[in-house]
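As structure tokens, the structure follows; a few thoughts come after it.
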Amino acid sequence: MVIECRLAEIVEGTNFTTVLARIVNVAADEFVLNEQGRLDAAKNGLIFYDSFSNSYFSLGEKVGKAWGEGRKFV
């Protein structure tokens, strides 16, 4: 799955930078879609990074700590 974004704003804080963007396109291979053509998260194997806890999660399950452990997911 690919989410294409357009930069909207960059907010510089004292110890952080926040990047805000608008989604302009979403594309996915057919094998990750269900019979209705919608994204099937179980087929996709999605993971995401939570910067507040420096952790990676997979559908709600923590799968590793950030940085060193994250390299195995790239």
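Note on the chain: helix-only mean residue ellipticity at 222 nm, from DSSP H runs of 4+ residues weighted -39500 (n - 2.57) and normalised by residue number, equals -1000 deg cm²/dmol.
Close amide-amide hydrogen proximity is noted between Gly64 and Tyr56, each under 5 Å apart and 5 or more residues distant or on a separate chain (H modeled in the peptide plane; Pro and chain starts excluded).
GluC sites (Glu not before Pro), restricted to region 1-66: which are DSSP loop and have at most 11 other Cβ atoms within 10 Å?
Values: sites: Glu4, Glu9, Glu12, Glu30, Glu35, Glu61; in loops: Glu35.
The qualifying sites are Glu35.
For Leu33, the amide hydrogen comes within under 5 Å of the amide hydrogens of Asp40, counting only partners 5 or more places away or on other chains and with H modelled in the peptide plane.
Treating only the Cβ atoms of Lys and Arg (+1) and Asp and Glu (-1) as charged, compute the dipole magnitude of region 2-73 about its Cα centre; round to the nearest 20 debye. Walk me through the numbers before you get to the answer.
On the way: 8 positive and 10 negative charges, 40 e Å.
Here region 2-73 has a charge dipole of around 200 debye.
Between the DSSP loop rule and a limit of at most 11 other Cβ atoms within 10 Å, which trypsin sites (Lys or Arg not before Pro) in the chain are left? Don't skip to the end; give the middle numbers.
Numbers: sites: Arg6, Arg22, Arg38, Lys43, Lys62, Lys65, Arg71, Lys72; in loops: Arg38.
Qualifying residues, ordered by number: Arg38.
When the chymotrypsin sites (Phe, Trp or Tyr not before Pro) in the chain are filtered for DSSP coil states and for at most 16 other beta-carbon atoms within 10 Å of their beta-carbon, the remaining sites are Phe16, Phe52, Trp67.
Under 13 Å from the Cβ of Asn25, count the other residues' Cβ atoms, weight Lys and Arg +1, Asp and Glu -1, and hand me the total.
Numbers: positive: Arg6, Arg22; negative: Glu4.
Net charge in that neighbourhood comes out at +1.
Only the coordinates and a few stated rules stand behind these numbers; no lab work does. In this text, all values refer to a predicted model and were calculated from it rather than measured experimentally. In this analysis, Cβ positions are derived from the backbone assuming ideal geometry, glycine residues included, and neighbour counts consider all displayed protein chains.
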